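I have placed the structure first, in the form of structure tokens, so that the comments after it can refer back to it.
Bear in mind that the values in this text are calculations on the coordinates, not laboratory data. None of the values given here were measured: they were computed from a predicted structure. Cβ placement follows ideal geometry from the backbone for every residue including glycine, while neighbour counts extend to all protein chains displayed.
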Amino acid sequence: MKRLKLIFLFSVLATCNLMALPYSTARREALFLTDKMAYELNLTHDQYDYVYQVNLDYFLHVNSSHDCTGIYWNYRNIDLGYILNDWQYTIFKVTAYFFTPIKWLHSAWHHGIYDHYRHGFHYFKKPKCYHSYRGGNWHHRQAHAQSPYFHHKSKPAIGMRDRYHKDGHKADKHRPSTHRPANRPEKDRPSVGNRNERPKNERPSHDRPQRQRPQVAPNNGTPQRNNSKADRPQRRTTSQPASRGNTDRNNGGRSFGR
């Protein structure tokens, strides 16, 4: 009986180890998710670092399908509630691929963020703590313990999405397949069929030099010379080719050369 229990226990542990995300995978998924949250929630650089830490801790502690919406999922929601502003947290809760970023479907992990963004696409650079922070804010955390971000206060700063559009998409010029660019203002749109607008290098019509038409001499009764080939008289030649004796039946009996 004890042997069967040990075998069952080892099989459960082996299954959990197979389901657990490796550190490299957890860090990659946390970076990809945080990058999209920074754009859609317009995070500041300060919030960007803290949100990455929370997402990394969450992915490192997901070992089974129950952890997707279990105690570690609650830890993540509580921590982000202190990091994000009220309007940011409201959008976060109604966005399914942010609120529940990972699920266990068909014997594999499913990340909902990839249903809206293609693999490998990033808006921004890596956070400052990407190489230094390896997880640890949730070590020995109790169920009702205070959040490590309880005293966090967001500093007023320009959002990363605003800076991204202001800098002309210097971070990455490639867009995701589902992301549509914002409508361009009327002054930046090219004019189609508008006669009042013209290229900058083109001079107005009143500044262009007028082409001089050739002067035509008045007709005073003298016959004008006609240069058309159809009306020209045929030149007479002094020597005529010798006529051929054979006639062409298909040309009405006319001889060639005449």
Problem set entry | Relative exposure of ILE102, ILE158, ILE91, judged by other C-beta atoms within 10 Å (fewest first) | ILE158, ILE91, ILE102
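Please order ASP46, ASP86, ASP35, ASP57 by the number of other Cβ within 10 Å, starting at the fewest.
Numbers: ASP46 16, ASP86 7, ASP35 26, ASP57 23.
Ranking ASP46, ASP86, ASP35, ASP57 by Cβ neighbours within 10 Å, fewest first, gives ASP86, ASP46, ASP57, ASP35.
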Exercise. Label ALA108 and ILE78 with points 7 Å out from Cα along Cα→Cβ: what is the distance between them in nm?
Worked result: 3.5
Seminar exercise, completed: 1/(1 + (r/R0)^6) with r = Cβ-Cβ of HIS144 and ASP115, R0 = 35 Å, i.e. FRET efficiency to nearest 0.05, evaluates to 0.50
Seminar exercise, completed: The alpha-carbon pair-distance distribution computed for the stretch 22-166, with 5 angstrom bins and whole-percent values, is 2, 9, 20, 24, 23, 14, 6, 2, 0
Exercise. Can you give the net charge of the other residues whose Cβ lies under 14 Å from the Cβ of ASP46, counting K and R as +1 and D and E as -1?
Worked result: +3
Problem set entry | Distance-filtered residues of the stretch 115-140 - backbone nitrogen under 19 Å, label point 7 angstrom along HIS45 Cα→Cβ | 123-133
For this session: Among the listed pairs LYS103/LYS126; LYS128/LYS153; LYS36/LYS93; LYS128/LYS155; LYS36/LYS125; LYS93/LYS155, give every one whose C-alpha distance is greater than 20 Å.
Result: LYS103/LYS126; LYS93/LYS155
